[in-house]
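This report concerns only the one structure given below.
The values are calculated or read from the model by the stated rules, or taken from the named source; none is laboratory data. Remember, predicted model here, so these are calculated numbers, not experimental data. Glycine gets a Cβ as well: all are built from the backbone with ideal geometry, and neighbour counts include every protein chain shown.
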Amino acid sequence: EALGDDLNIPLALSHLHEMVTQLNKENNLTKKSELKNKILYSSNLMGLLHQDPNVWFQQSDGVKKNALSAEKIEAKIAERNQARLAKDFAKADLIRQELLSSNIILEDKGTMTTWRRL
């Protein structure tokens, strides 16, 4: 209903919160199941709860725990820059590919290399 109200997202989230509160207090398994389905359906309409909770908990601040640290990325970039200076482009390309396989994109601008996570 709140979504039909010109996409009143704050109100819709408030209703979701109320349903979750009811779910946590409910003792009747049938009503619990109905509430769970309503919560999932409503959340799905808003694009919420799409990610597997196990995957979400493996992340920290939006970055996977097993992701490369900024220090390791910078070290790889320095190693790649040394390879580029030595004109060892095969090694430089290999390092770029290694970083890309870890969801790191390198952007070269002259002698400067910046990076970002995918």
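All conditions but one from (1) surrounded by 10 or more Cβ atoms within 10 Å (Cβ to Cβ); (2) modelled with pLDDT of 85 or more apply to residue 25; the one that does not is (1). Considered as a group, the residues in segment 72-99 that are more than 18 Å from residue 118 (Cα to Cα) and basic (Lys, Arg) include one that is surrounded by the most Cβ atoms within 10 Å (Cβ to Cβ), and that residue is 80. Apart from one condition, residue 87 fits all of (1) modelled with pLDDT of 95 or more; (2) part of a helix (DSSP H, G or I); the exception is (2). Considered as a group, the residues in segment 28-62 that are of a type in the set (S, T, N, Q) and part of a helix (DSSP H, G or I) include one that is modelled with the lowest pLDDT, and that residue is 54.
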